[in-house]
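Student: This is the structure I have questions about; it appears just below.
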Amino acid sequence: MAMARVRVIGSRRIYSGGIILRKDRFLLGGKVIDKEIVEHQDSVGIVPIRGGDVILIAQYRRAAGKVLLEIPAGKMERGEMPRQAANREMAEEIGYSGKLKPLMKCYLAPGYSTELMHVFVATNLRKTKRGPLDDDENIIIRKMKLGVALRKCLSGEIQDSKTVAALLSYSQSD
């Protein structure tokens, strides 16, 4: 099956703040499509492994309206490389530094967002100074056996997509 040809007709900015919202118009397979797109900084996620445990965080997510169990993660700052951002986020959110190895990359919501997440595995963890947290972060650290976390992914108890993808990917690596 061949992909339909895409031709961009135009794009205009609708909102500019912490994110940028734009409206794109493009031709897809002979049809004119209007689509809202969120321009978002790329981000990082970390699977911190210590012994047989994975270190996760629990935090309230307003869009979901509840506390979610997640891997430590955050957006990259301008000019920051993925590895630098992963080190910074890991220190801020869980108070560890360690050896980082790239695991995967994934678009978090490609239907409407440009955000690409770079996921790393962190090993040889060493305690470091934690924080400062962002204003909207109220994080509780949750250490658990990797097997327990994987079962929570498969049962639907862990509902955060980046966490499910990262943990399942890690479980299948080397």
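Student: For the chain, set up a Gaussian network in which alpha carbons nearer than 10 Å are linked by springs, and say which option among V67, V54, V121 fluctuates the most.
Tutor: Taking springs between Cα atoms under 10 Å, the residue moving most is V67.
Student: Give, rounded to the nearest 20 debye, the magnitude of the charge dipole that the chain has about its Cα centre when Lys and Arg contribute +1 at Cβ and Asp and Glu contribute -1 at Cβ.
Tutor: Once rounded to the nearest 20, the dipole reads 260 debye.
Student: Using only alpha carbon positions, build the gyration tensor of the chain, then give the equivalent ellipsoid semi-axes as the square roots of 5 times its eigenvalues, largest first, whole angstrom.
Tutor: Values: eigenvalues 211, 70, 48 Å².
For the chain, the semi-axes come out at 32, 19, 16 Å.
Student: Say the dipole of the chain comes from +1 at the beta carbon of Lys and Arg and -1 at that of Asp and Glu; which of M104, G17, G30 then lies farthest toward its positive end?
Tutor: Farthest towards the positive pole: G30.
Student: I need the peptides 96-104, 141-149 ranked by packing, meaning the mean over residues of other C-beta atoms within 10 angstrom, with the highest value on top.
Tutor: Ranked from most to least packed, the peptides come out as 96-104, 141-149.
Student: Moving on to the next point. Non-local amide H neighbours of H40 (under 5 Å, H modeled in plane, Pro and chain starts lacking H): which ones?
Tutor: It is T114, E115, by chain and number.
Student: Any chance you could run the full-extension gain for R126 through M3? It's 0.36 nm times the residue separation minus the Cα-Cα distance, nm to one decimal.
Tutor: Net length gain for the segment: 39.5 nm.
Student: Also, quick follow-up: Residue separation times 0.36 nm, minus the C-alpha to C-alpha distance between R142 and L28: what's the value?
Tutor: Value of the extension gain: 36.5 nm.
Where a number appears in this text, it was derived from the coordinates with a stated rule and is not lab data. In this text the structure is predicted, and so the values were computed from the model without any measurement. No Cβ is skipped: glycine too gets one built from the backbone with ideal geometry, and neighbour counts run over all protein chains shown.
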